[in-house]
1. For segment 199-220, name all the residues that are assigned to a helix (DSSP H, G or I) and within 30 Å of Gly164 (Cβ to Cβ).
2. Mind telling me which of the residues Thr31, Thr92 ends up being of a type in the set (Val, Ile, Thr) and over 17 Å from Pro184 (Cα atoms)?
3. Is it true that some residue in segment 214-229 is under 18 Å from Ala21 (Cβ atoms) and within 16 Å of the ligand (Cβ to nearest atom)?
4. The conditions are (1) closer than 16 Å to Val187 by Cβ; (2) more than 18 Å from the chain's Cα centre (by Cα); (3) charged (D, E, K, R), and Glu97 fails exactly one of them. Which is it?
5. Which members of segment 107-129 meet the condition of being outside any strand (DSSP E or B) and open to solvent by less than 20 Å² (accessible area, probe 1.4 Å)?
6. Quick one: which helices (runs of 4 or more DSSP H) lie wholly within segment 21-106 and hold at least 2 residues that are within 16 Å of the ligand (Cβ to nearest atom) and surrounded by 15 or more Cβ atoms within 10 Å (Cβ to Cβ)?
7. Would you mind telling me which numbered condition in (1) open to solvent by 60 Å² or more (accessible area, probe 1.4 Å); (2) more than 20 Å from the chain's Cα centre (by Cα); (3) closer than 28 Å to Pro121 by Cβ Ser204 fails?
8. Where residues in segment 130-154 are under 15 Å from Pro184 (Cα atoms) and not in a strand (DSSP E or B), which of them is most open to solvent (accessible area, probe 1.4 Å)?
Amino acid sequence: MRVAVISDIHGNLHALEAVLADIDRSGVDETWCLGDVVGYGPRPNECSDVVRERFTVVLVGNHDLAAIGSLSTVEFGPLASVSAQWTAAELTEANAEWLRGLQPEATRPEAELYHGSPRDPVWEYVLSEEVAYACLLETTAPVVLVGHSHLALSLLLAGDGVDGGLAPDGSDAELARGRWLLNPGSVGQPRDGDARAAWLLIDSEPQRATFRRVMYPIERTQAEMRERGLPEQLAARLAQGV
Ligand code: ZN
């Protein structure tokens, strides 16, 4: 079986379309989305429509919950808060209803899926080896998938810790080596210094996960953000991938 895993689209339709074209070229059996379909970006409704139609499994993320009023934005930074309010006003009732029905975690036969982490599926960021190790100890699936940090990561449980770190374009995780915690990176707002949209291909034959990056017309998303009066810093960061 071949599975495409994506996360953190954040209303960036051009990035999502580029990733879907690459997924289609690769040929997959299932598509999983780890959440944050909306928030920050200019096209929340179109992204919701596409994900609802195309994805087998969809989790809800903290930005999705904020956009439907299920999570307070007091813990959001000022830019995230402004964009969450804009998104909440923009979202159609049908899309809000769809997001309300989603959960921040899911289990498949081959993997456990979380937006944040197994310990806190909505909020916790897996950014350190200590947290990744603790998350692997709390789970049993061969592969644990998380999003939320917007960093592509591959970490292998090894002894009393983990091996690995940032996962650049084209890097592989050999799944037969043990238990892995993987983050596909972000489709619509990468923060690992590579501005291209990220996704992850998991293949059961051979047992391998491959990190992919795809170029997309960043300037079109930036223009849409400026047209809608979204914060300039949120548009500018897309070109840097930070
Ligand atoms: Zn996010």
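The values are calculated or read from the model by the stated rules, or taken from the named source; none is laboratory data. Since this is a predicted model, take the numbers as computed values, not measurements. Neighbour counts run over all protein chains shown; Cβ positions are idealised from the backbone, glycine included. Each accessible area value is taken on the protein alone, full model and side chains, heavy atoms only, with ligands, DNA and RNA left out. Shrake-Rupley method; radii C 1.70, N 1.55, O 1.52, S 1.80 Å.
1. Hit for segment 199-220 is Ile218, nothing else.
2. Thr92
3. Checking segment 214-229: at least one residue is under 18 Å from Ala21 (Cβ atoms) and within 16 Å of the ligand (Cβ to nearest atom).
4. (1)
5. His115, Gly116, Ser117, Val126
6. Helices (runs of 4 or more DSSP H) meeting the threshold: 44-54, 62-67, 78-90.
7. (1)
8. Within segment 130-154, the subset under 15 Å from Pro184 (Cα atoms) is 132, 143-154.
With the extra rule that they be not in a strand (DSSP E or B), the set shrinks to 132, 147-151.
Numbers: Ala132: 0, Gly147: 2, His148: 4, Ser149: 8, His150: 4, Leu151: 36 Å².
So the residue we want is Leu151.
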